[in-house]
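Asker: Structure below; questions to follow.
Here, each number is a calculation from the coordinates, and none is a lab measurement. What you see is a predicted model; the values in this text were computed from it and never measured. Please note: Cβ atoms are built from the backbone with ideal geometry, for glycine as well, and neighbour counts cover all protein chains shown.
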Amino acid sequence: MRTVELFAGVGGFRLGLERAGGFEVVWSDQWEPSAKAQHAYDAYVRRFGAEHASDRDIATVGADEVPGHDLLVGGFPCQDYSVQTTLDKSRGLQGRKGVLWWEIHRIVGHHRPPYLLLENVDRLLRSPARQRGRDFAIILRCLAELGYHVEWRVLNAAEHGFPQRRRRTFLLAVRDGTVVGRRMATGARDPAYLQRTGFFAEEFPVEQVPVLPLEPPAGETLPADLKALSDTFVADFLNAGLMVEGRWWTRRVQALPDPVVPLGAVLEETASEAYFLPEDRLAAWAYQKGAKDEPRTARNGHVYRYREGPVAFPDPVDGPSRTLLTGEGNRSPNRTTHVVTDPATGRLRRLTPVECERLNGFPDGWTEGMPERWRYFTMGNALVVGLVERMGQRLRSWASDDGAPPAEALMPTRAPRR
């Protein structure tokens, strides 16, 4: 499949699809706003070459400059929905980076590729705080108007044989009239679709008892008027769901977990002294990681009680790690940086960049050549490569069913609604 990769980062989607086989990236774009040096793009080029790679603000790229393609992929920027920001401060699609959804919409509307595979944080399903589910509904409505069916699933990498608890929402959008689109449309009449026969359920199995019918049976219908939807829509989108012709069904599913891969499995045998915590800072680290119940004074002089629970210190290595965040490289005592017991010395240290690469399924040294802070930052933004590899294998298998014609010969059975 001819593939276009947007918001490419250091190439996690591309690496996963290349491992799956049967995909050729014909154009990619990576641009970090407000950054003078484009470290992620430079790393991408070091690994894949500069041919067909762009480092332009996607908003300045004409849709006709993007080559024709069969599959569009992208982990579109998620800062406005990030778990590092409290939900009541999340601005969703109205946020500075949330608006980049409309760049995807513009390119898809021009090319109408048969398939889209998109990734975002799990919070996307319930953003923004004051109008739960609105942002995701806007995305579904836009895709319905362009003639796409959508299946979504929140995947926790740790439940599927990877050493990191990283929850992300994945969307497979398929154009009406394709082999996979017809299969997805039929799924709307299949009680077991989200639990047994769907795109994600086949590759990432869930508990089967009981097999529940899709709810509600007739499907909820998204408002046709996008402005009205934006102003009034509220809904609970659960961790699995399906949208066909503007009607949507959703259900909470429970993964059948693969064998656990622990954090300890990715630790390097030796680490540089630079990663070890100084003895005179151990108390400060312990304070930051520990529970707190103490008086504090605000800038205006108001005294209040500050409370927070503890964070494991050090991080256990006999189970999957916590989620990597973009601030993982912070050397000062803080709550979010991982601290482990070094297997060789028994001393406490931070994770190395190579260990962070391993947690996301990248080869050792994938981000070498950029400042170390950016190595951590890019891994905090990356997806788990192995999940994409498995989705790529499934998509290739589904698209080849029944002697499917080439993608360029696939036409929708009806014109997209405008």
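Asker: What length, rounded to one decimal in nm, is gained on full extension from ASP236 through to THR186, with 0.36 nm per residue of separation minus their alpha-carbon distance?
Answerer: Working: separation 50, 0.36 × 50 = 18.00 nm, distance 2.36 nm.
Full-extension gain reported as 15.6 nm.
Asker: Using Cα pairs closer than 8 Å and at least 6 residues apart in sequence, work out the relative contact order for the chain, in percent. Walk me through the numbers on the way to the answer.
Answerer: Values: 801 pairs, mean separation 73.6, N = 418.
Reported as a whole number, the value is 18 percent.
Asker: If you build the convex hull over the alpha carbons only and average its shadow over all orientations, what do you get for the chain? Give it in nm² to one decimal.
Answerer: Working: hull surface 90.0 nm².
Dividing the Cα hull surface by four gives the mean projection, 22.5 nm².
Asker: Another question, then. Can you tell me which of 55-62, 110-117 comes out highest on packing, and rank the rest after it, using the mean Cβ neighbours within 10 Å? If you can, show how the numbers build up before the last one.
Answerer: On the way: 55-62: 13.6, 110-117: 20.6.
Packing proxy ranking, top to bottom: 110-117, 55-62.
Asker: A follow-up question, please. Step through the residues of segment 136-143 one at a time and calculate ³J(HN,Hα) from phi using the Karplus curve (6.51 cos²θ - 1.76 cosθ + 1.60, θ = phi - 60°), rounding each to whole Hz and writing x for Gly and Pro.
Answerer: 5, 5, 4, 4, 4, 4, 4, 5
Asker: Report, ordered by chain and residue number, the aspartates and glutamates lying within cross-link reach of LYS227, taken as a straight Cα distance under 16 Å and ignoring same-chain residues fewer than 8 apart.
Answerer: ASP135, GLU145
Asker: To the nearest Å, what is the center-to-center distance of segment 353-392 and segment 257-302, using C-alpha atoms only?
Answerer: 21
Asker: If you don't mind, there's one more thing I want to ask. Can you tell me the order of 342-352, 166-176, 219-229, 24-34 when each peptide is scored by its average per-residue count of other Cβ atoms within 10 angstrom, highest first? Mind dumping the intermediate values first?
Answerer: Values: 342-352: 16.8, 166-176: 22.5, 219-229: 13.9, 24-34: 18.4.
Listed from highest to lowest mean packing, they are 166-176, 24-34, 342-352, 219-229.
Asker: In degrees between 0 and 90, to the nearest 10, how far off the longest principal axis of the chain does helix 39-48 point, with axes built from Cα atoms?
Answerer: 60
Asker: Something else now. To the nearest 20 debye, what charge dipole does segment 3-49 have about its Cα centre, counting +1 at the Cβ of each Lys and Arg and -1 at the Cβ of each Asp and Glu? Mind dumping the intermediate values first?
Answerer: Details: 5 positive and 6 negative charges, 32 e Å.
The calculation lands at about 160 debye.
Asker: Output the relative contact order of segment 263-381, whole-number percent, from Cα pairs under 8 angstrom with separation of 6+ residues. Each step should come with its number before you reach the end.
Answerer: Details: 164 pairs, mean separation 33.6, N = 119.
Over segment 263-381, the number comes to 28 percent.
Asker: Tell me the Kirkwood radius of segment 321-409: reciprocal of the mean inverse pair distance over distinct alpha-carbon atoms, in Å.
Answerer: On the way: mean 1/r = 0.0648 Å⁻¹.
Roughly 15.4 Å, rounded to one decimal.
Asker: Let me ask something else about it. Taking the Cα centre of segment 263-381 as origin and charging only Cβ (+1 Lys, Arg; -1 Asp, Glu), how large is the dipole, in debye to the nearest 20? Could the numbers behind the result be given before it?
Answerer: On the way: 16 positive and 17 negative charges, 162 e Å.
Taking the Cα centre of segment 263-381 as origin, the dipole is about 780 debye.
Asker: Report, ordered by chain and residue number, the aspartates and glutamates lying within cross-link reach of LYS289, taken as a straight Cα distance under 20 Å and ignoring same-chain residues fewer than 8 apart.
Answerer: Within reach: GLU279, ASP280, GLU308, ASP315, ASP318, GLU328, ASP342.
Asker: Specify the angular offset, from 0 to 90 degrees and rounded to the nearest 10, of the alpha carbon long axis of helix 385-399 from the longest principal axis of the alpha carbons in the chain.
Answerer: On a 0 to 90 degree scale, this one is about 10.
Asker: In debye to the nearest 20, how big a dipole does the chain give about its Cα centre with +1 on each Lys and Arg Cβ and -1 on each Asp and Glu Cβ?
Answerer: Working: 55 positive and 54 negative charges, 283 e Å.
For the chain, the charge dipole is close to 1360 debye.
Asker: Same structure again: Run the reach check for LYS36 against aspartates and glutamates, Cα to Cα strictly under 14 Å, same-chain hits fewer than 8 apart removed. What comes back?
Answerer: Answer for LYS36, where 14 Å is the Cα cut-off: ASP55, ASP57, listed by chain and number.
Asker: Roughly how many nanometres apart are two label points built 7 Å out from the Cα toward the Cβ at GLU273 and HIS110?
Answerer: Going by the 7 Å Cα→Cβ label model, 5.5 nm.
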